[in-house]
Amino acid sequence: ADFMGSPAMNLLAGTIENGAGGLTVSLERPNAAPLKLPVMAGNNGLSSYAGRQVVFGIRPEALTDPDGADRKARSLTEGDCLIEVIEPAGSDTFAVTKLGGKEVVARLRADAGIAPGQSARLAFNLDKAVFFDPESQLRIS
């Protein structure tokens, strides 16, 4: 399930969990408890994946600093991530963190004020998230 684009879509391992608040995708973080993100109720196909692994896909522009997040998003949630690398790129800054055992790229505002080695709050626009079956690589809908 690879895609074109620069930077490319982040594809990482996650586990679907069904709790009191509904479905979440649980993403492993180094030296921290897993990050649990709520899954939109409209993604009915994910219900059958409760307790199973999926591939969670999110583009860098859908993972940003809270002030740069799309406030029109229906499913916007935040989580703390340890920033490993910062790459200034003119009007944007790209930040690298680790989730689901892989490096993940976030696209931040140039003035986000985030430095490597610090924990930073990132906003996940889950309207833009996609889920894939790890075996068939087909999109779950």
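The values are calculated or read from the model by the stated rules, or taken from the named source; none is laboratory data. A quick note: this is a predicted structure, and the numbers were derived from the prediction, not measured. Don't worry about glycine lacking a Cβ; one is built from the backbone with ideal geometry, like all the others, and counts go over all protein chains shown.
Output the residues belonging to the range 123-141 that are in contact with an Asp or Glu (Cβ under 9 Å, 6 or more places away or on another chain), under 18 Å from Ala13 (Cβ atoms) and hydrophobic (A, V, I, L, M, F, W, C).
Phe124, Ile140
Working only within the range 45-74, note down all residues that are of a type in the set (Gly, Ala, Ser) and either within 21 Å of Pro30 (Cα to Cα) or surrounded by fewer than 17 Cβ atoms within 10 Å (Cβ to Cβ) (or both).
Result: Gly45, Ser47, Ser48, Ala50, Gly51, Gly57, Ala73.
Which residues, taken from the range 55-87, are farther than 18 Å from Ala120 by Cα, modelled with pLDDT of 95 or more and over 10 Å from the mean Cα position of the chain (by Cα)?
Hit for the range 55-87 is Val55, nothing else.
Out of the range 100-119, which residues are surrounded by 16 or more Cβ atoms within 10 Å (Cβ to Cβ), of a type in the set (A, V, I, L, M) and modelled with pLDDT under 95?
Ala112, Ile114 - these are the residues of the range 100-119 that are surrounded by 16 or more Cβ atoms within 10 Å (Cβ to Cβ), of a type in the set (A, V, I, L, M) and modelled with pLDDT under 95.
Regarding the range 3-17, can at least one residue be identified that is out of contact with any helix residue (DSSP H, G or I) (no Cβ under 8 Å at 6 or more places or on another chain), free of Cβ contacts under 8 Å to residues at least 40 places away in the same chain, crowded, with 16+ Cβ neighbours inside 10 Å and at negative phi?
Within the range 3-17, one or more residues are out of contact with any helix residue (DSSP H, G or I) (no Cβ under 8 Å at 6 or more places or on another chain), free of Cβ contacts under 8 Å to residues at least 40 places away in the same chain, crowded, with 16+ Cβ neighbours inside 10 Å and at negative phi.
If I go through the range 88-99 residue by residue, how many of them are surrounded by fewer than 20 Cβ atoms within 10 Å (Cβ to Cβ) and modelled with pLDDT of 95 or more?
3
Under 6 Å between Cβ atoms, which residue pairs at least 6 apart in sequence (or on different chains) link something in the range 57-75 that is closer than 14 Å to Leu37 by Cβ with a partner that is basic (Lys, Arg)?
The qualifying pairs are Ala62/Lys128.
Of all residues in the range 98-141 being outside any strand (DSSP E or B) and among the polar types (S, T, N, Q), which is farthest from the chain's Cα centre (by Cα)?
Filtering first and then ranking leaves Ser136.
Tally time: how many residues in the range 23-52 are over 19 Å from Lys128 (Cα atoms) and either within 11 Å of the chain's Cα centre (by Cα) or in a strand (DSSP E or B) (or both)?
Result for the range 23-52: 5.
Is it the case that Thr93 is touching a residue at least 40 places away in the same chain (Cβ under 8 Å) and of a type in the set (S, T, N, Q)?
The answer is no for Thr93.
Would you confirm, using the coordinates I've provided, whether Leu37 is surrounded by 13 or more Cβ atoms within 10 Å (Cβ to Cβ), out of contact with any Ser or Thr (no Cβ under 9 Å at 6 or more places or on another chain), aliphatic (A, V, I, L, M) and touching a residue at least 12 places away in the same chain (Cβ under 8 Å)?
Answer is no for this residue.
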